[in-house]
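Data block below; observations after.
The values are calculated or read from the model by the stated rules, or taken from the named source; none is laboratory data. Here the structure is a predicted model, which is why all the values come from computation and not from measurement. Cβ coordinates were reconstructed from backbone atoms using ideal geometry, including for glycine residues, and neighbour counts include every protein chain displayed.
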Amino acid sequence: MNYRLIAKTLGTVLFIIAIAMIFPLIVSFIYGGEDAKSFIISIAITLSVSALLLLIKPKNNQIYVRDGMAIVAFSWILVSLLGALPVYISGTSQSFISAFFESVSAFSGTGASTISNIEACSKGVLFWLALAQWLGGMGVLVLMLALLPAVRGSTLHIMSAEASGPSTEKLVPKIGETAKILYTIYFALSAVQVLILLIGGVNWYDALTVTFSTAGTGGFTTKAASIGSFNSLFVEIVVAIFMLLFGINFSLYFIFLTKKSIKEFFKDEELRLFLSVTLFSTLVITIDNIIASIYNFADSLRYSFFQVSSVITSTGFFTANIGEWKDTSQFILLFLMIIGASAGSTGGGTKMIRLLVLIKTVKREFLKIIHPKSVQTIKVNGKAFDNNSLNKIYAYYFAYFLLIGAGTILVSFDTQDFVTTFSAVVQAIGNTGIGLGNVAPGGSFAVFNPFNQMVLSFLMIAGRLEIFPLLLMLTPSFWSKSNM
C-alpha cells in the first residue's frame, strides 16, 4: 500500500476544506462576526494538519484499488473530524461527539441534527453545515480531482470508491476531465436554483443555504420548520423539482448536452423507474391522506409530492408532519428511504439501479421456471450484467441490511421506541435526514446518547461510501503486507 501517497492526498483534501471554511468566515463577518473566531481557529488547525501531510513525499504516484479505498475512507473521517471544529468551538454543540455527528451528517448529505434550537445558532456555522452538504454531495475527492487534474496515478480507484452507485463510468477518457464535467453540471444546476429562488423573493442567505442542501440532498436547513417555514407554494415546487433533478444520474445530463436528444435522456431504464416510483408513491400517499381526511385534494397532492421527492432523493426537507400520516403512507416513505435515488446522483439509499437489477433477476427466475432450457441475460439499457456484477449487487444488499440489523440492535440499548430506533438507523445508512417517531420532522437526534450518535455517524459514512470502503478498513486482511 502506498502510505506516503495516501497521506499526501489527505493533505490536499484537507487544504480544500480549509479554503472552503473561508466562505462561512466571510458570512460570519457579514452578520457581525459572532462565530468568526471559531472559523479562524478551525482554518488554522486544518491548514496545519494539511501542511504536515503535504510535506510527505511519495516514492511513486501509483494508486491501487486498496489505496483508493483507504484514501476515500480516511478522507471522510478526517474531513468530518476537522469539519466539526467550527461547530464545537462556537458552542453550537456542547460535546465534540455531537459536533462530529453534525459534521458527518452534513458531509454525508444526511441532514440529521442534534441541535434543538436551530434558529438560535450563528449564521456562519449554519452556512458551514449547508456548504458541507454541497461539498459532500458530489464528493470532496471528486472536487479534488476536478481542481487538481495533475494528480497522477490510477485515480479511477478514488472516484470509484467515492461514487454513488454500483459502477463508475468515465464520461471522457481522463478522470480529471470527467470530474470537471460532473462538477460543472453540479455547479450549473445549483446556480440556476439559487437564481430562481432569488427571483421568487427569497433572500440571498436562504437561497444559498437551501440550494446547498438541495444539491447535496442533505436537507439541513436554517429553519426549525424546514421548507415549510417559507409558507410558499413557489418555493416548495422549485425545491421539489430540483431535489428530483439532483436525484438523477449526472451522466444523463452529459448525454443530453452532447447529443441534444431528450429521447436519449428518457430512454434510460433507471430514470424511468425513478420517475415511475416517484409518481406512483405520490398518488398513493395523496389518496391515503384524502381518505384519512388529513388534507383536501390540493393540499394532499402538494405535501405528498414534496415529501416523496424529499425522501426518495434522501434529502430530508419537510413541509408537513408525516408523523400524523397513516401507516400506509409512512411505510411507503420508509421503503423510499431504503431504495433511494439514481446511481451517479447526489442522492442516498441503495440506488434505483440495484432495485432494477433485482426486479429483472426475479423476472429471469420466473422465465427459467417456464422455460428451463432458455438462457436469460439481465440487461440494463442494453448492457448485460455478468455474474460478477450481479454478485456485487447481492453482496451489497446483504451488507446493507446486515448493517441495518446490527445498527438497530446497538441503538436499541437506548431508551427509544422501536419505530424511532429503526427509522433512525435506516435514515442514517440511507443518508436521509427525515425519520419517524422521535426523529420525525420537528424531532432531534439529541435523544440518543453519545455512543449511539457515534454508531449512527459510522452508518452515515458507511452509507455514503457504499459500505465496502469503510468495512474493508476494519478487516485485518486489508492491511496485510502479503496483499500489498
- prompt: Can Ser38 be described as crowded, with 20+ Cβ neighbours inside 10 Å, closer than 16 Å to Leu135 by Cβ and polar (S, T, N, Q)?
  reply: no
- prompt: Can you tell me which of Ala428, Ala446, Ala440, Ala424 is within 21 Å of Ser113 (Cα to Cα) and at pLDDT below 80?
  reply: Ala440
- line: Asn438 meets each of (1) within 24 Å of the chain's Cα centre (by Cα); (2) on the phi > 0 side of the Ramachandran plot with one exception, condition (2)
- prompt: Quick one: would you say Thr377 is more than 22 Å from Phe107 (Cα to Cα), in contact with a strand residue (DSSP E or B) (Cβ under 7 Å, 6 or more places away or on another chain) and not in a helix (DSSP H, G or I)?
  reply: yes
query: For the subset of the range 453-484 comprising residues that are at pLDDT 75 or above and of a type in the set (D, E, K, R), which member is nearest to Lys392 (Cα to Cα)?
result: Glu466
- line: If we ask which residues in the range 207-237 are out of contact with any Gly (no Cβ under 7 Å at 6 or more places or on another chain), surrounded by fewer than 23 Cβ atoms within 10 Å (Cβ to Cβ), among the β-branched types (Val, Ile, Thr) and not in a loop (DSSP other than H, G, I, E, B), their number turns out to be 1
Matching entry among Lys368, Lys360 (being over 23 Å from Ile429 (Cβ atoms), assigned to a helix (DSSP H, G or I) and at pLDDT below 85): Lys368
message: Under 6 Å between Cβ atoms, which residue pairs at least 6 apart in sequence (or on different chains) link something in the range 67-82 that is touching a residue at least 40 places away in the same chain (Cβ under 8 Å) with a partner that is of a type in the set (Asp, Glu) and buried (at least 24 other Cβ atoms within 10 Å of the Cβ)?
response: Val72/Glu162
query: So is Lys223 charged (D, E, K, R) and under 26 Å from Ser113 (Cα atoms) or not?
result: yes
statement: Leu197 passes all but one of the listed conditions (1) surrounded by fewer than 24 Cβ atoms within 10 Å (Cβ to Cβ); (2) at pLDDT 95 or above; the exception is number (1)
- request: Would you please list the contacts, defined by Cβ atoms under 6 Å and residues six or more apart or on different chains, that run from a residue in the range 278-300 that is more than 18 Å from Leu334 (Cβ to Cβ) to a residue that is of a type in the set (Ser, Thr, Tyr) and in a helix (DSSP H, G or I)?
  value: Ile290/Ser300; Ser300/Thr286
query: What residue, among those in the range 100-125 that are surrounded by fewer than 24 Cβ atoms within 10 Å (Cβ to Cβ) and of a type in the set (A, V, I, L, M), is farthest from Ser423 (Cα to Cα)?
result: Ala120
- request: Please enumerate the residues belonging to the range 380-416 that are surrounded by 12 or more Cβ atoms within 10 Å (Cβ to Cβ) and either of a type in the set (Asp, Glu) or part of a loop (DSSP other than H, G, I, E, B) (or both).
  value: Phe385, Ser412, Phe413, Asp414, Gln416
task: Return yes when Glu119 is part of a helix (DSSP H, G or I), within 22 Å of Pro450 (Cβ to Cβ) and among the charged types (D, E, K, R) and no when it is not.
output: no
field: Residue among Ile285, Ile290 that is surrounded by fewer than 18 Cβ atoms within 10 Å (Cβ to Cβ) and either touching a Gly at 6+ places or on another chain (Cβ under 7 Å) or at pLDDT 90 or above (or both)
entry: Ile290
query: Among Ser329, Ser276, Ser300, Ser310, which is the only one that is part of a helix (DSSP H, G or I), modelled with pLDDT of 90 or more, at negative phi and out of contact with any helix residue (DSSP H, G or I) (no Cβ under 9 Å at 6 or more places or on another chain)?
result: Ser276
query: Can Phe15 be described as touching a residue at least 12 places away in the same chain (Cβ under 8 Å), of a type outside the set (Val, Ile, Thr) and over 17 Å from Pro469 (Cβ atoms)?
result: yes
- line: When the range 429-464 is checked residue by residue, the ones that are in contact with a Leu (Cβ under 9 Å, 6 or more places away or on another chain) and aliphatic (A, V, I, L, M) are Ile429, Ile434, Leu436, Val455, Leu459, Ile461, Ala462
query: Based on what the data block shows, is Lys368 surrounded by fewer than 16 Cβ atoms within 10 Å (Cβ to Cβ) and either under 25 Å from the mean Cα position of the chain (by Cα) or farther than 23 Å from Ser251 by Cβ (or both)?
result: yes
message: Can you tell me how many residues within the range 241-267 are surrounded by fewer than 21 Cβ atoms within 10 Å (Cβ to Cβ) and outside any helix (DSSP H, G or I)?
response: 3
query: Here are Ser80, Ser75, Ser42, Ser93: which of them is closer than 17 Å to Ala106 by Cα and either of a type in the set (Lys, Arg) or part of a loop (DSSP other than H, G, I, E, B) (or both)?
result: Ser93
field: Candidate set from the range 96-116 (those that are outside any helix (DSSP H, G or I) and β-branched (Val, Ile, Thr)); member that is farthest from Gly435 (Cα to Cα)
entry: Ile115
message: Under 7 Å between Cβ atoms, which residue pairs at least 6 apart in sequence (or on different chains) link something in the range 119-135 that is among the aromatic types (Phe, Trp, Tyr) with a partner that is assigned to a loop (DSSP other than H, G, I, E, B) and at pLDDT below 95?
response: Trp134/Gly216
